[in-house]
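**Student:** My questions all concern the structure below.
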Amino acid sequence: MPDTTTQRLLRGKVITLDGPAGSGKSTTARLLAKRLEFEYLDTGATYRAVALLAKRMNVSLDDDRQVDEMLGHFSLHFVAGSDRNRVILNDEDVTADIRTGEIDRLVSPVAAHQGIRRFLAAWQRERAAEGSVVLEGRDTGTVVCPNADVKIYLDASLDTRARRRQLDFQRTGQTVSVEEIKNDIIRRDKADTERAHGPLKPADDAIFVDTSGLTIDEQVEKVYQVCLTRLTGTGANR
Ligand code: DC
């Protein structure tokens, strides 16, 4: 926990954490927010929740009227938990439902949909308005909060990313091969970097942190120090 002077300097600041799947951004963002005593906003979960809603409502993404009607039924909030934040969609806990292989596949076209992106970016911006928040997700530093105080871009090798994703699956009782995961990561990276609206790309002023070979504790420490240096000039990592 930061000391009182540092806490005062940090108050109201906005930090964005972007990076591709498996770069460790979710865990890092959650633990960083906890350490700074900031809110944590997982923007990927908002896209996943819309993908789940679209599946359940059998929405065709090509039909604007259906998409608008679905977004009118979108009510989401997060409940802080000791491990992962709970995701509540329309009063139902969908934390596990949005992290299946099926939603991994359904979420790319949802994230490529201009109307949905505009809706979710506005939703996220509204929640970040009060500051003292860590926003995690692909376009948080470029589109959602381009004026953020610190922008971090995490990356890691394909092997590292695939192994981390496999552990995520194992934790939820799903068995998926590393090869299958690698192919899915390559496919998603391609879809995410090449899409016309809100493509995955680091902000010009983002600070790159390579997380290959770092434990999660080392990774959080590194990002924490980078943030302190940027925001207060007192971090160890100048
Ligand atoms: O980070 P994640 O795997 O939970 O993200 C789910 C999907 O949503 C992924 O395909 C990227 C997309 N996404 C996005 O386009 N913009 C964001 N700000 C966050 C996630």
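Laboratory data are not the source of any read-out in this text; all were calculated from the coordinates shown. Here the structure is a predicted model, which means the values were calculated and not measured. Glycine gets a Cβ as well: all are built from the backbone with ideal geometry, and neighbour counts include every protein chain shown.
**Student:** Using modelled amide H (1.01 Å from N, peptide plane; none on Pro or chain starts), what sits under 5 Å from the amide H of residue 40, excluding residues fewer than 5 places away?
**Tutor:** Sorted by chain and number, the residues that satisfy this are 134.
**Student:** If packing is taken as the average number of other Cβ atoms within 10 Å across a peptide's residues, how do 83-89, 223-229 rank, most packed first? Intermediate values should be presented prior to the final figure.
**Tutor:** Working: 83-89: 17.6, 223-229: 20.7.
Descending mean neighbour count gives 223-229, 83-89.
**Student:** If amide H atoms are built 1.01 Å from N in the plane of the peptide, which residues on other chains or at least 5 residues away come under 5 Å of the amide H of residue 209?
**Tutor:** Close amide H contacts, sequence-distant or interchain: 153, 154, 155.
**Student:** Kirkwood Rh over alpha-carbon pairs of the chain, then Stokes-Einstein at 10 °C and 1.306 mPa s: what D in µm² s⁻¹, rounded to an integer?
**Tutor:** Using the Kirkwood radius from Cα pairs, D works out to 87 µm²/s.
**Student:** At 0.36 nm per residue, minus the direct Cα-Cα distance, what do residue 75 and residue 3 gain on full extension? Give it in nm, one decimal, please.
**Tutor:** Length gained between residue 75 and residue 3: 22.3 nm.
**Student:** Here's something else I'd like to know. Could the peptides 61-73, 158-170 be put in order, highest first, of the mean number of other beta-carbon atoms found within 10 Å of their residues?
**Tutor:** Going by the mean number of other Cβ atoms within 10 Å, highest first, we get 158-170, 61-73.
**Student:** Within 10 Å of each residue's Cβ, count the other Cβ atoms and sort 118, 195 from fewest upward.
**Tutor:** So the residues, fewest neighbours to most, are 118, 195.
**Student:** Could I ask something else about it? What list of whole percents do you get for P(r) of the stretch 64-159, with Cα-Cα distances grouped in 10 Å bins up to the one holding the largest distance?
**Tutor:** Bins of 10 Å from zero give 12, 38, 42, 9, 0 percent of pairs.
**Student:** Quick check on the stretch 103-238: what does the Kirkwood estimate of hydrodynamic radius come out to from the alpha carbon pairs, in Å?
**Tutor:** So the Kirkwood estimate lands at 16.7 Å.
**Student:** Counting helices only, and only those DSSP H runs with n ≥ 4, report the 222 nm mean residue ellipticity of the chain as the sum of -39,500 (n - 2.57) divided by its residues, in deg cm²/dmol to the nearest 500.
**Tutor:** -15500 deg cm²/dmol
**Student:** Also, I was wondering about something else. What are the ³J(HN,Hα) values, in whole Hz, obtained from phi via the Karplus relation 6.51 cos²θ - 1.76 cosθ + 1.60 with θ = phi - 60°, for each residue of the stretch 143-160 in sequence order, with x given for Gly and Pro?
**Tutor:** Rounded to whole hertz, the list is 10, 6, 10, x, 9, 4, 6, 9, 10, 10, 10, 8, 9, 7, 5, 4, 4, 4.
**Student:** Which length gain, in nm to one decimal place, applies between residue 218 and residue 34 when the Cα-Cα distance is subtracted from 0.36 nm times their residue separation?
**Tutor:** Full extension from residue 218 to residue 34 adds 64.7 nm.
**Student:** Something else now. Points 7 angstrom from Cα along the Cβ direction at residue 204 and residue 100: gap in nanometres?
**Tutor:** 4.4 nm
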